[in-house]
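Enquirer: Dropping the structure in here first, questions after.
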Amino acid sequence: MDLRFTPEELAFREEVRTFIRENLPADTRDRMKLGHPPRKEDTVRWQRILNAKGWAALSWPKEWGGPGWTAIQKMIFLEENLMAPAPELLSFNITMLGPVLLQFGTEEQKKRFLPRAANLDDWWCQGFSEPGAGSDLASLKTAAKLDGDHYVVNGQKIWTSTAHNADWCFLLVRTDPNARKRQEGISFLLVDMKTPGITVRPIISIDGSHHLNEVFFDDVKVPVDRRIHAENKGWDVAKYLLGNERTGIARLGKSRERVSSAVSMAREVNFGGKPLIEDPMFRQRVAQLQVDMKALEITQYRVVSAYDKAKGAGKPDPLSSVLKVKGTELLQATSELTVDVAGPYATPIWAQELEAMNEPDELMEASSAGTGGYLMLRAASIYGGTNEIQKNILTKAVLGL
């Protein structure tokens with residue numbers, strides 16, 4: 001396997017890097033360089049800039065607004081976008097709903113929802129997990145009963161990321177409670193979040209942010225034409241969606257950006273009377289992370305390239321679970337590095353406190369923001385399918401045990 005980039009791929013990386021440098025709004029870049037997560041307006045504005053360039057729907061075919069990139073080009077773009085750092089494309093729109101509509105949607109559903117998803121005219125959220133159905137998603141209880149040309153939905157979802165920002169939700173519901181297997185009798189619906197009967201309640205996470213929510217459905221009417229694929233075949237759609245989600249969940253560029261920030265910070269922090277960057281143990285730790293990130297990069301290119309070749313089969317490579325497991329471990333390890341380098345500066349300062357400061361110290365602000373990321377990423381090995389479940393998938397689907 002030739003691990004070198006071709007001249008064309010190197011030129012593409014430079015093109016992406018230049019475009020981001022020249023077009024990413026300065027206020028967004030400055031906030032994110034200090035470690036703050038993007039605001040809703042930052043994400044919307046940046047995705048629309050990319051969509052105008054034809055780059056937002058990075059994995060979609062050209063006829064639906066995609067750029068026609070190779071698997072390698074997609075990974076290069078994602079890495080450069082995260083390393084900038086710039087807001088990530090809204091994954092619910094681009095890497096989850098988009099591929100599902102392209103694979104299972106009707107022509108009318110594609111025309112209605114895909115262009116608006118690419119331009120973030122609609123913000124989507126994911127209604128999968130429930131209080132009693134997380135990693136064991138097949139045990140979900142939210143029910144949808146057919147009533148004429150509508151389904152009537154009742155139930156509860158939890159850990160619903162950005163539901164408070166969302167215009168629409170793609171939702172897994174049980175349409176046949178008497179199905180022979182739990183995976184059967186589940187359907188996949190598209191729900192307008194403005195529909196009467198929907199209640200969104202915030203969950204404030206350990207980093208002090210409002211990212212997660214509980215969502216309640218009380219006699220919510222959903223037209224039948226907003227069902228994706230056949231009734232009771234939603235599990236097939238969910239498996240396809242989760243394969244796409246886990247392919248992009250490694251977020252390697254974010255890990256690299258964190259290591260780069262930690263190294264920069266280590267030049268300013270004193271340890272034993274000299275800059276921390278000169279400490280051999282610190283340098284060894286950074287080197288090990290660099291080696292692990294390179295190994296993940298190679299694995300990522302292998303998995304995504306294989307998935308591209310199998311396009312249309314509807315069966316994402318189970319090796320995507322490797323990306324999820326190792327990617328989240330690296331996200332946690334690199335966030336731990338930034339907190340360790342910051343030392344006493346890592347004391348959390350909530351956003352309202354920073355706003356009250358006239359001129360907050362940049363090291364203090366960046367360190368505090370890094371601590372917020374560290375706290376939030378404790379959940380990285382849980383969301384998107386727990387790492388324990390991913391290891392079970394690997395033992396069965398890859399090792400055949």
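The values are calculated or read from the model by the stated rules, or taken from the named source; none is laboratory data. This structure is a prediction, so every number in the text was calculated from the model and none was measured. Cβ placement follows ideal geometry from the backbone for every residue including glycine, while neighbour counts extend to all protein chains displayed. We work out accessible area using only protein heavy atoms, side chains counted, and drop any ligands, DNA or RNA first. Shrake-Rupley method; radii C 1.70, N 1.55, O 1.52, S 1.80 Å.
Enquirer: Can you figure out the FRET efficiency of THR70 with THR347, using R₀ = 60 Å and their beta-carbon distance, to the nearest 0.05?
Expert: With a Förster radius of 60 Å, E is 0.85.
Enquirer: To continue, here is another question. Roughly what percent of Cα-Cα pairs across region 188-286 reach past 22 Å?
Expert: Of all Cα-Cα distances in region 188-286, 64 percent exceed 22 Å.
Enquirer: Find the Cα radius of gyration of the chain, compare it with 2.2 N^0.38 Å by division, and give the number to two decimals.
Expert: Working: Rg = 21.7 Å, N = 401, 2.2 N^0.38 = 21.5 Å.
It is 1.01.
Enquirer: On to the next question. Using +1 at the Cβ of each Lys and Arg and -1 at the Cβ of each Asp and Glu in the chain, identify which of LEU189, THR175, PHE217 lies farthest towards the dipole's positive end.
Expert: After comparing all options, I get THR175.
Enquirer: Per residue, how large is the accessible surface of region 7-89? Use a 1.4 angstrom probe and give square angstrom.
Expert: 46 Å²
Enquirer: A further question on this structure: Using 0.36 nm times the number of residues separating ASP340 and GLU9, minus their current alpha carbon distance, what extension gain do you get? Don't skip to the end; give the middle numbers.
Expert: Values: separation 331, 0.36 × 331 = 119.16 nm, distance 3.56 nm.
Contour length minus the Cα-Cα distance gives 115.6 nm.
Enquirer: Could you calculate the contour length gain from ARG39 to THR195, that is, 0.36 nm times the residue separation minus the distance between their Cα atoms, to one decimal place in nm?
Expert: The span from ARG39 to THR195 would gain 53.6 nm if fully extended.
Enquirer: What is the extension gain from PHE216 to ARG283, computed as 0.36 nm multiplied by their sequence separation minus the C-alpha to C-alpha distance, in nm to one decimal?
Expert: 19.2 nm
Enquirer: Given region 235-305, what whole percent of its Cα pairs are spread farther than 13 Å?
Expert: So the pairs more than 13 Å apart make up 72 percent of the total in region 235-305.
Enquirer: Follow-up question, since we're still on this one. Provide the net charge surrounding VAL16, with neighbours chosen by a C-beta distance below 12 Å and charges set as Lys +1, Arg +1, Asp -1, Glu -1.
Expert: My count for the surroundings of VAL16 gives -1.
Enquirer: What's the local net charge at CYS169, with K and R +1, D and E -1, over the other residues with C-beta under 12 Å away?
Expert: Spelling it out: positives minus negatives among the neighbours equals 0.
Enquirer: Against the empirical 2.2 N^0.38 Å scaling, what ratio does the C-alpha Rg of region 116-263 come to?
Expert: 1.13
Enquirer: Where does helix 362-376 land angle-wise versus the long Cα axis of the chain, in degrees 0 to 90, nearest 10?
Expert: So the helix axis and the longest Cα principal axis differ by about 40 degrees.
Enquirer: Let's test the formula: R0 of 51 Å, r as the Cβ-Cβ distance of LYS239 and ASN270. What FRET efficiency results, to the nearest 0.05?
Expert: Values: r = 52 Å, r/R0 = 1.02.
Efficiency computed from Cβ-Cβ geometry: 0.50.
Enquirer: On C-alpha positions alone, give me the angle between the axis of helix 7-23 and the longest principal axis of the chain, in degrees, nearest 10.
Expert: The helix 7-23 is inclined about 90 degrees to the chain.
Enquirer: Which order, highest average first, do 337-346, 60-69, 323-332 follow once you tally other Cβ atoms within 10 Å for each residue and take the mean per peptide?
Expert: Most protected by this proxy first, the peptides run 323-332, 337-346, 60-69.
Enquirer: In whole percent, how big is the carbon plus sulfur part of the accessible area of region 7-89, probe 1.4 Å, protein atoms only?
Expert: 53 percent
Enquirer: Using r as the Cβ-Cβ distance of VAL291 and ARG180, and R0 as 51 Å, what FRET efficiency do you calculate, to the nearest 0.05?
Expert: Efficiency at R0 = 51 Å is approximately 0.60.
Enquirer: Once you treat every alpha carbon in region 53-152 as an equal point and sum by Debye, what is log10 I(q)/I(0) at q = 0.21 Å⁻¹?
Expert: -1.12
Enquirer: Distance from the Cα centre of region 70-100 to that of region 12-69, in angstrom?
Expert: About 9 Å separates the Cα centre of region 70-100 from the one of region 12-69.
Enquirer: If one puts a single equal scatterer on every Cα of region 7-89 and applies the Debye formula without solvent, what log₁₀ I(q)/I(0) results at q = 0.13, 0.19, 0.24 Å⁻¹?
Expert: -0.39, -0.82, -1.21
Enquirer: Alpha carbons only, please: Rg and Dmax for region 110-202, in angstrom.
Expert: Final numbers for Rg and Dmax: 13.7, 41 Å.
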